[in-house]
1. Only one of (1) within 30 Å of A:Val119 (Cβ to Cβ); (2) part of a helix (DSSP H, G or I) is not met by B:Val185, so which one is it?
2. Do you know which residues across the range A:111-136 are touching a residue at least 40 places away in the same chain (Cβ under 8 Å) and not in a helix (DSSP H, G or I)?
3. Write out, first by first residue and then by second, each pair whose Cβ atoms fall under 9 Å of each other, whose residues are 6+ apart or on separate chains, and whose first residue, in the range C:306-322, is outside the structural domain of C:Glu340 (by TED's automatic domain parsing) and at pLDDT below 85 while the second is small (Gly, Ala, Ser) and assigned to a strand (DSSP E or B).
4. Could you look through the range A:192-216, keep only residues that are over 17 Å from C:Asn89 (Cα atoms) and surrounded by 19 or more Cβ atoms within 10 Å (Cβ to Cβ), and pick out the one that is farthest from the other protein chains (Cβ to nearest Cβ)?
5. What tally of residues in the range C:241-299 results from selecting those that are without any contact (Cβ under 8 Å) to a residue 40 or more places away in the chain, surrounded by 18 or more Cβ atoms within 10 Å (Cβ to Cβ) and not in a strand (DSSP E or B)?
6. Counting only residues that are among the small types (Gly, Ala, Ser) and crowded, with 20+ Cβ neighbours inside 10 Å, how many does the range B:135-175 have?
7. Can you name the residue in the range B:17-68 that is farther than 24 Å from A:Ser110 by Cβ, charged (D, E, K, R) and within 14 Å of chain A (Cβ to nearest Cβ) and is also surrounded by the fewest Cβ atoms within 10 Å (Cβ to Cβ) among such residues?
8. Here are some residues: B:Gly108, B:Gly127. Which one is facing chain A (nearest Cβ under 9 Å) and touching a helix residue (DSSP H, G or I) at 6+ places or on another chain (Cβ under 6 Å)?
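The values are calculated or read from the model by the stated rules, or taken from the named source; none is laboratory data. Fair warning: this is a prediction, and the values are worked out from it, not measured in the lab. Cβ: placed from backbone, ideal geometry, glycine included. Neighbour counts: every protein chain shown.
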Amino acid sequence: MSKFQLRRPAKRRLPLEWLGILPFVAFAMLFLVLPTMKIVVGAFQTSDGGFTLQNLIDLNTASIRSAYWTSIKLSLITALLGCAVGFAMASAVVFGGLPKRVRSPLLTFSGVASNFAGVPLAFAFIATIGPAGLITLELRDLGINLRAYGFNLLSFWGLVVTYLFFQIPLMILIIIPALDGLKREWREAADVLGATSLQYWRMVALPILFPSLLGTFALLFANAFGAVATAFALTGPQLNIVPIKLFAQIRGDVLGNPNLGYALAFGMIVITGLANVTYIVLRTRSERWLK
Amino acid sequence: MTRFLAWTAFLLGVLYFILPLIGMTEFSLKMRRGEYSFDAYRAVFGDPRFWETFSYSLTLAAATIVFGVLLVVPTAYWVRLKLPQARPIIEFITLLPLVIPAIVIVFGYIRLYNTSSILPLTGSALGTDILLTMGYATLALPYMYRAVDTGLRTIDVATLTEAAQSLGAGWFTILARIILPNVLVAVLSGAFLTLAIVIGEFTMAALLNRPAFGPFMQLLGANRAYEPPALAVIAFAITWGCMGLIQLVTRFSKHERAKV
Amino acid sequence: MAFLELSNLEKVFGTNRVVTDFTMGIEKGEFVSLLGPSGCGKTTVLRMVAGFETPTSGAIRIDGQDVTGQRTNQRAIGMMFQAYALFPNMTVADNVGFGLKVKGVPREERKDRVAEMLRLIGLPDLGSRFPFQLSGGQQQRVALARALAPRPRVLLLDEPLSALDAKVRVSLRNEIRDIQRELGITAIFVTHDQEEAMSISDRIVVMNGGIAEQVGAPFEIYNNPRTRFVAGFVGTLNMLSATVEDPAERMLTLAGQRVVLARGEIATPRGETVTLALRPEAIHLGRAEGCEVALPATVEEVHFLGSVIRIRARVAGTVVALDTFNRPDQPPPPPGSAAEISFAARDVILLAD
């Protein structure tokens, strides 16, 4: 803070260097910041431009509340499971004594799978565990009816299973370098000092990994929260999650109030924003030991 | 014990990832009753809309890559060379697309650039194409910037620039002849990743109402049974191809360096 | 029985035998260095003592207790690593207190011990810093304090000085030695730097190809190297060939001159060739007092190093290095000039190959 107060205006030069990033700033303004601002401002405006909180208040309907709740639940669960499974697979490869040969294919595959999201991913899962999918039919031949057990691909849990296909690889891609960053000497030092494996993980490894884990979790959360295509191709417009609701609203004003659309989108920004602010706060608190 | 757990975790994971791939492949071959055939693929490739939308998306991906490189390389270079104090801001901006959902961004576009605005991009097909390209550039920005910036970190930007300047090179020459070739691998990695993202993108294209590959796939999925898994196999192959190309250029560059 | 007993240790990785029949007893409070080139097996021996590697055969006993099959975290040893290996997420104090914490030592007691350790390494005020805020030398001293805090039975040092710059390396090695003496702790020090090993060890084990070639005090190793490898690895050595005249009388001929050795057993029969070794400081320029052997030589190179002048001269077909002290009234001979060198027969080392 004091740095800014001490700065003398006389020393200010013509900031010619800043002109070099002008194209980038213009692009970011026009196609990232201003469109987002438009949404934020619109959420607080009446249809004739006056200030109002009514749009936000109007979000408080049973249907919209449930959409937000489902979306948050979906994002939290897929981010958590994605982190957990991705972590398990990554540490299996890094520490579990698996042959070195599996590492490179796993990374390549993760790169592919984390980008294999959207419409084709939905098709792949429909073909596999949809009503006429490969596994569904195989299991039926074995006398197991997935439907009878309450599983339906076109439902919340179906969506969870599908989302994990890109969530887990994303976690693997980010966490493997972090696991590689754990030095063998730390493990050995802890060992020599008498720590058990559990103590090493609890007191050394996990605290060191914590920022990466947290960051990936926030990323996975936002990733699932904003995903439209997979859900839309899987279930069509009827599933009640926020991005699909917003999609329908943009296409045909299904809410019957254009500014309510702004409020809906604003809510999405707030939630992913909050997730990231939480991440940044926790990260700065846990990362005092980093340069 | 550890090894057993590791294998279990790994194999369960592999099973989860391989089953949908088998599922979609198997399903896509089942169009003809009672035997496996490539009928679904024949139907997909015989559909003129497939080629139209695919080449449209490919064109847009190319435009996005060109625009992205022209935008990101000079900026990342300039920030490293002259404006290290702008780094945190630039990095923050490049990470925003990971936080703000694409659907929100495109919603902003539609409202900001509608026919009654100062910049009525959505008023014409060309304008909308430009808008969509910008949208894709936004989506690819985090990956592109990260790739190029990492590439720049491995070379000594300041020394190279001073050396080029002392030999009389201008800014354009420095960027095109010195910096770009040195970060070519990074740029190509970013480009192929952009291609993988753009080619099947659905949300932006659908909401801007453009005839792209993503919306086409969605439409087909809503109306047909066997063509969608065939499309999924094709899309998966394209994604795999993009990642394979990234590996290829990276490996190639390592060999080049090793030779020197 | 010695405090730390290593009996017939062997380690095989796949088809690669890294350590062969390593046997040694180390007394309580002794400082022993394992010295050798990289890949000689010295680190593997240390890692077997730490428990990171299990010996293929052989046994390790600490204070009479067989620890060969014991897990590392049960062995009560301390270790310093080449790359410090401080936990980056903990303060200096938490690092030093780690071993006590996992043992369940109460907070107050821990705090006292940490403060005591920080005083011992001369960094009493840095307890609240994080490792990245310290210099390499400071980090390595913290690593020493961390290793010593739980009062280990043995201190293992795995090239702890090689990541530091030259000045710090010398001062820290003396500090480590002082603290080790003060606490009377048994220490094994792995290094590839012969000067380092000589300056701080009670005994040195020179290792080559997984085998301990010679064990002895630094003075002994330097002056009486038993094999050509030890002689060559510890300090600079000049090799000369001589023909055996009379094995019983230790009589040889070297470049036409008769030499009678003062020590060593000649097992080679008459007429065969043996290798003699001479330290550079044992050879003198000109005919020096007390030197029975004098040979004609040609000066090839002259390196002025300050207090010492190192000269390379050609003698009887081979090039030898010799050191003379710098004296302002005696300029070194120019390269190419003819000279005479001399040495005393008692300085000649007979190598057993």
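1. It is condition (1) that B:Val185 fails.
2. If the condition is that a residue be touching a residue at least 40 places away in the same chain (Cβ under 8 Å) and not in a helix (DSSP H, G or I), then A:Phe116, A:Ala117, A:Gly118 are the ones that fit.
3. Sorted first by the residue in the range C:306-322, then by its partner, the list stays empty.
4. Of everything passing the filter in the range A:192-216, A:Thr216 is farthest from the other protein chains (Cβ to nearest Cβ).
5. The qualifying residues number 1.
6. Taking the range B:135-175 as the starting set, the residues that turn out to be among the small types (Gly, Ala, Ser) are B:135, B:137, B:140, B:147, B:151, B:158, B:163-164, B:166, B:168-170.
With crowded, with 20+ Cβ neighbours inside 10 Å added as a condition, the list becomes B:135, B:137, B:140, B:147, B:151.
Within the range B:135-175, residues that are among the small types (Gly, Ala, Ser) and crowded, with 20+ Cβ neighbours inside 10 Å number 5.
7. B:Arg33
8. B:Gly108
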